[in-house]
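Peer 1: Please see the structure below; I have some questions.
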Amino acid sequence: MIVGINCGHTISGPGAGAVGYFSESEHTRHVGYALMDKFVTAGVQVVDCTINYADTQADYLKRAVEKANNQDLDWFISIHFNASPKHMGHGVEVYTYEGRQYPDALAVCNNMEKLGFKNRGVKVGSGLYAIRKTKAKSMLIEVCFCDNQEDASTYVSATLEKVVNAIYTALYKYVIDKDETSILGKSIATAEQLKAYMLMRNYQAVSYTHLPQLFIEEGDKEGIRGDGAFIQSCKETGFFKFGGDVKPGQHNYAGLGATGGVPGLSFPDDRTGVRAQIQHLKAYASTEPLVMKCVDPRYKYVNKGCAPTWEQLSGKWAVPGYSGYNNFADAWAAKDTYGHHIVKMLKEALQTVSIPEQKKQEYIYSVSIADVWTQAEADAIALCHPGSKVHKITV
């Protein structure tokens with residue numbers, strides 16, 4: 001993990017910050033350098049992107065961004081203090097590209113709110129040079145309004161240590177100490193495990209038992225975990241019961257292009273649909289080009305590499321990506337988001353034991369003619385009821 005931190009503005013002259021009850025330029029350095037120290041102590045590589053002096057405001061911005069872009073940063077964080085024309089503005093706010101509601105950005109606002117600052121939320125920062133021009137994932141933190149007496153008093157009473165810790169713990173929880181599962185890599189679950197897991201949840205999904213192998217094959221071609229992609233399809237389709245906007249004949253198993261009554265994309269066959277889903281996942285997880293010819297019409301719309309883990313698909317692939325919580329940060333903290341659900345299901349699939357071929361003969365298949373099943377359906381029911389014998393009659 002490499003974090004770039006910019007103590008906003010120059011010390012004086014062109015590019016200097018606002019001056020209110022205290023100097024913005026001075027206190028961005030108090031907060032920024034204390035934050036750098038905490039990251040370094042935690043073993044995180046930190047790049048100082050601060051510019052102390054510049055000939056012009058434009059020169060300051062350009063040089064700060066150049067420092068950030070010369071490194072392969074995971075995060076670029078710029079520290080600022082706000083000001084308003086009539087000195088009435090107050091509170092903390094964070095700017096991200098397109099106003100993306102990153103859980104760590106939301107956590108910064110939530111933590112600062114606990115110190116007594118008004119939570120102004122995460123806002124669109126695409127017009128800010130540092131956000132727009134930086135290659136890395138970026139956020140600009142406006143700690144509070146330095147020209148507002150209430151904010152200045154809250155800032156002093158909260159103490160620098162607590163302000164820095166509020167920012168640090170928000171970032172550490174979601175970025176540094178992240179226990180997340182990469183979308184990139186080789187499948188771990190076998191096709192048999194995935195098939196058995198699907199049938200345990202929907203024994204009527206026998207016409208989809210060929211899909212796990214397709215997902216693994218297509219995933220291997222692009223360096224994507226096909227097992228995770230299949231589990232994503234299980235979530236999106238309700239274990240292939242469908243019932244939503246997308247219909248089975250579309251060969252679209254992840255709701256690509258489907259939004260509120262719009263059925264989404266259709267593909268000519270299963271493999272093409274699976275390949276499109278894999279390619280769409282690669283767009284989220286990586287900046288590397290596709291290996292196979294692109295069959296995903298929506299590939300071009302994805303901000304490449306914006307979600308390298310399954311958890312981070314929450315709020316991006318699936319919007320808002322949670323339900324039953326007041327905000328995304330609370331859902332993320334509870335590990336109860338769209339992406340967390342996929343990871344939980346994948347772990348369950350990995351624990352599923354498929355029936356060995358030599359064991360299948362132990363089941364006696366014979367019941368009434370009304371209960372004629374395929375062997376796969378019978379096997380699925382057997383998995384759901386360990387120790388029981390499942391019967392089937394041949395007619």
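What follows draws every value from the coordinates through simple rules; no lab data is involved. Keep in mind the model is a prediction, meaning the values are calculated, not measured. Glycine also receives a Cβ, built like all others from the backbone with ideal geometry; neighbour counts cover every protein chain displayed.
Peer 1: Strictly over 28 Å apart at the Cα level, which of Lys137/Lys247; Lys135/Lys316; Lys133/Lys316; Lys135/Lys344; Lys195/Lys304 would you flag in this model?
Peer 2: Result: Lys137/Lys247; Lys135/Lys344; Lys195/Lys304 exceed 28 Å.
Peer 1: Now for a separate question. Could you tell me which label, among (1) 0.95; (2) 1.22; (3) 1.10, carries the value of Rg/Rh (Cα atoms, Kirkwood Rh) calculated for this structure?
Peer 2: Computing Rg/Rh (Cα atoms, Kirkwood Rh) and matching it to (1) 0.95; (2) 1.22; (3) 1.10 gives (3).
Peer 1: Which residue, Phe145, Ser207, Tyr168, has the largest displacement toward the positive end of the dipole of region 135-243 when charges sit on each Cβ (Lys, Arg +1; Asp, Glu -1)?
Peer 2: Result: Ser207, furthest along the dipole toward the positive end.
Peer 1: Turning to a different aspect of this structure: For region 63-80 and region 233-259, what is the separation of their C-alpha centers, rounded to whole Å?
Peer 2: 40
Peer 1: Contour minus end-to-end for Glu150 and Gln57, with contour as 0.36 nm per residue of separation and end-to-end as the Cα-Cα distance?
Peer 2: Taking 0.36 nm per residue and subtracting the Cα distance, the gain is 30.6 nm.
Peer 1: Something else now. Out of Ser182, Ser157, Ser78, any idea which swings most in a Gaussian network model of the chain, alpha carbons joined below 10 Å?
Peer 2: Largest GNM mean-square fluctuation: Ser157.
Peer 1: Give the long-range amide H neighbours of Gly264: residues separated by 5 or more places, or on another chain, with amide H under 5 Å away, using H modelled in the peptide plane at 1.01 Å from N.
Peer 2: Thr259
Peer 1: For region 119-166, what class follows from the C-alpha gyration tensor (a ≥ b ≥ c being the square roots of its eigenvalues): rounded when a/c is under 1.5, otherwise prolate if a/b is larger than b/c, else oblate?
Peer 2: Here region 119-166 falls in the prolate category.
Peer 1: For the chain, list the DSSP H helices whose alpha carbon atoms reach 24 Å or more along the long axis and whose average Kyte-Doolittle value is -1.0 or above?
Peer 2: Once both thresholds are applied, what remains is 24-41.
Peer 1: Assuming R0 = 45 Å, what is the FRET efficiency of Tyr21 and Lys304, from their Cβ-Cβ distance, to the nearest 0.05?
Peer 2: With a Förster radius of 45 Å, E is 0.55.
Peer 1: Could I have the simple spin-label model distance between Leu160 and Asp269, label points 7 Å from Cα toward Cβ, reported in nm to one decimal?
Peer 2: About 6.7 nm separates the two model spin labels.
Peer 1: Going by how many other Cβ atoms sit within 10 Å of their own, how do Met88, Met345, Met112 line up, fewest first?
Peer 2: Sorted ascending by nearby Cβ count, the order is Met88, Met345, Met112.
Peer 1: Give the calculated FRET efficiency between Lys247 and His210 to the nearest 0.05, with a Förster radius of 22 Å applied to their Cβ-Cβ distance.
Peer 2: Result of the calculation: an efficiency of 0.70.
Peer 1: How much mean residue ellipticity at 222 nm does the chain get from its helices, if each DSSP H run of length 4 or more adds -39500 (n - 2.57) and you divide by all residues, to the nearest 500 deg cm²/dmol?
Peer 2: So the helix-based figure for the chain works out to -12000 deg cm²/dmol.
Peer 1: Right, another one. Which of rounded, prolate, oblate describes region 2-176, given a ≥ b ≥ c as roots of the alpha-carbon gyration tensor eigenvalues and a/c under 1.5 marking rounded, otherwise prolate only if a/b is larger than b/c?
Peer 2: Because its axes are fairly even, with a/c under 1.5, region 2-176 counts as rounded.
Peer 1: Taking loop as defined by DSSP and a crowding limit of 13 other beta carbons within 10 Å, which chymotrypsin sites (Phe, Trp or Tyr not before Pro) in region 266-305 fit?
Peer 2: Qualifying residues, ordered by number: none.
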